[in-house]
Amino acid sequence: MNNRTPLIAGNWKMHKTGAQAVEAASGLKRLVASATGVEVMIAPTFTALYQVGQVLKGSPIALAGQNLHWESQGAFTGEISAQMLADAGCSQVIVGHSERRQFFGETDETVNMKIKAALSANLTPVLCIGESETEREAGNTFSVLDKQVRDGLNGFAFDGQADIVVAYEPVWAIGTGKTATREQAQEAHLFIRNLLDSLFGKPFASTVRILYGGSVKPDNVKALMEMPDVDGALVGGASLNPETFSKLVFFND
Ligand code: PGA
């Protein structure tokens, strides 16, 4: 047993207009109103953040951005800063999602700058890491995770306060319907926690939430959540429908 409160996080990616996002958030707010002992987060698109934030007022569901820029302001056309996310109502932000790494040139170095920017604006970063299928098949899973954690959190020092969430998302499991087995997830999560222990100490490693992401669905969530180092889920496809997502929030029922 541990004291980590499970976190069920929904990444809506590039889905839903403002009106659709408001409708889904309102539905979710109602559906998870009675949930206890679990935290819930949703990450709508930038254009829907403010509206969804208004809907979530008075509810424990946290609002998150899906990405941010590392500077607080400036001539960076098309970018959004941590301060702007906070202003729109966010308390968390997803950093280094594999789709950003794959399609938008995100590197461990830019991820690191973004983590620092998020923390300095009091946003909880959700650092996404994970190996590709080729990397796993070549037996490089742990070395990939090691580099992503070390470089992504380079310069970070735990002061007893800073909240960081790590999401282990094997790239081959995202949006593919191919979930890692719970043993594979546990093995990776334990590796990550031990690494965080060696880098930042036990008080950090024992409290940090490590989420699993990659085709999490109502029929596999419970088995994953039973693993000792799986502290929650980062969910794409199954987070879009409030009924489905609420089943993940009530994973224990
Ligand atoms: P998925 O996405 O649940 O659709 O596999 C997970 C993610 O990308 O965070």
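Can you give the relative contact order of segment 181-253 as a percent, counting alpha carbon pairs under 8 Å and 6+ residues apart?
Values: 78 pairs, mean separation 23.5, N = 73.
It comes to 32 percent, rounded to a whole number.
With each label point set 7 Å from Cα along the Cα-Cβ vector, what nm distance links residue 5 and residue 244?
Going by the 7 Å Cα→Cβ label model, 2.7 nm.
If you find the alpha carbon centre of segment 164-185 and of segment 194-253, how far apart are they in angstrom?
10
What residues of segment 32-58 lie in the reach of a label at residue 103, counting those whose backbone N is under 19 Å from a point 7 Å from the Cα along Cα→Cβ?
Counting only backbone N, you get 43-49.
Can you tell me the FRET efficiency between residue 134 and residue 33 if r is taken as the Cβ-Cβ distance and R0 is 41 Å, rounded to the nearest 0.05? Intermediate values should be presented prior to the final figure.
Values: r = 44 Å, r/R0 = 1.06.
For residue 134 and residue 33, the calculated efficiency is 0.40.
Using packing as a proxy for protection, rank 137-143, 123-129, 175-181 so that the peptide with the highest average count of other Cβ atoms within 10 Å comes first.
On the way: 137-143: 13.1, 123-129: 26.1, 175-181: 14.7.
Peptide ranking by packing, descending: 123-129, 175-181, 137-143.
Spelling out what I want: for every residue of segment 69-83, take phi, set θ = phi - 60°, compute 6.51 cos²θ - 1.76 cosθ + 1.60 (Karplus), and round to whole Hz; glycine and proline get x.
Values, residue by residue: 9, 7, 8, 7, 6, x, 7, 10, 3, x, 9, 9, 9, 4, 4 Hz.
What is the antiparallel percent of DSSP beta bridges lying wholly in segment 1-98, to the nearest 5? Write down the numbers at each step before the final one.
Numbers: 0 of 10 bridges.
About 0 percent, rounded to the nearest 5.
With contacts defined as alpha carbon pairs under 8 Å and 6 or more residues apart, what's the relative contact order of segment 2-148 in percent? Write down the numbers at each step before the final one.
Numbers: 227 pairs, mean separation 26.6, N = 147.
That works out to 18 percent.
Could you sort the peptides 68-77, 210-219 by per-residue average Cβ neighbour count (10 Å cutoff), highest mean leading? If you can, show how the numbers build up before the last one.
Working: 68-77: 13.3, 210-219: 22.7.
For the peptides 68-77, 210-219, the packing ranking is 210-219, 68-77.
Report the full-extension gain for the segment residue 157 to residue 190: residue separation times 0.36 nm, less the Cα-Cα distance, to one decimal in nm. Write out the running numbers ahead of the final one.
Values: separation 33, 0.36 × 33 = 11.88 nm, distance 2.05 nm.
My answer for the length gained is 9.8 nm.
Through the Karplus equation 6.51 cos²θ - 1.76 cosθ + 1.60, θ set to phi - 60°, convert the phi angles of segment 233-246 into ³J(HN,Hα) values in whole Hz; use x for Gly and Pro.
Calculated HN-Hα couplings, in order: 9, 10, 10, x, x, 6, 9, 6, 9, x, 5, 5, 5, 5 Hz.
I'd like to compare 87-96, 192-201, 112-121: which one has the highest average count of other Cβ atoms within 10 Å, and what's the full order after that?
Packing order, densest peptide first, comes out as 87-96, 112-121, 192-201.
For the residue pair residue 206 and residue 150, what label-to-label distance in nm results when each label sits 7 Å from Cα along the Cα-to-beta-carbon direction?
Here the answer is 2.6 nm between the modelled labels.
When the Karplus curve 6.51 cos²θ - 1.76 cosθ + 1.60 is applied with θ = phi - 60°, which whole-Hz ³J(HN,Hα) does each residue of segment 132-149 get, with x for Gly and Pro?
Each residue's phi maps through the Karplus curve to give 7, 4, 4, 5, 5, 4, 7, x, 9, 3, 5, 5, 5, 5, 4, 5, 5, 6 Hz.
Mind listing the long-range amide H neighbours of residue 233? Cut-off is under 5 Å, sequence gap 5 or more, other chains count too, H placed in the peptide plane at 1.01 Å from N.
Those lying under 5 Å, H to H, from residue 233 are 7, 8, 9, 212.
I want the local charge near residue 15. Using Cβ-Cβ distances under 15 Å, sum +1 for each Lys or Arg and -1 for each Asp or Glu among the other residues. Numbers along the way, then the final one.
Working: positive: 13, 16; negative: 23, 99.
So the surrounding residues net to 0.
Contour minus end-to-end for residue 77 and residue 219, with contour as 0.36 nm per residue of separation and end-to-end as the Cα-Cα distance? Can you show the working numbers first?
Values: separation 142, 0.36 × 142 = 51.12 nm, distance 4.18 nm.
Using 0.36 nm per residue and subtracting the Cα-Cα distance, I get 46.9 nm.
Laboratory data are not the source of any read-out in this text; all were calculated from the coordinates shown. Remember, predicted model here, so these are calculated numbers, not experimental data. Cβ: placed from backbone, ideal geometry, glycine included. Neighbour counts: every protein chain shown.
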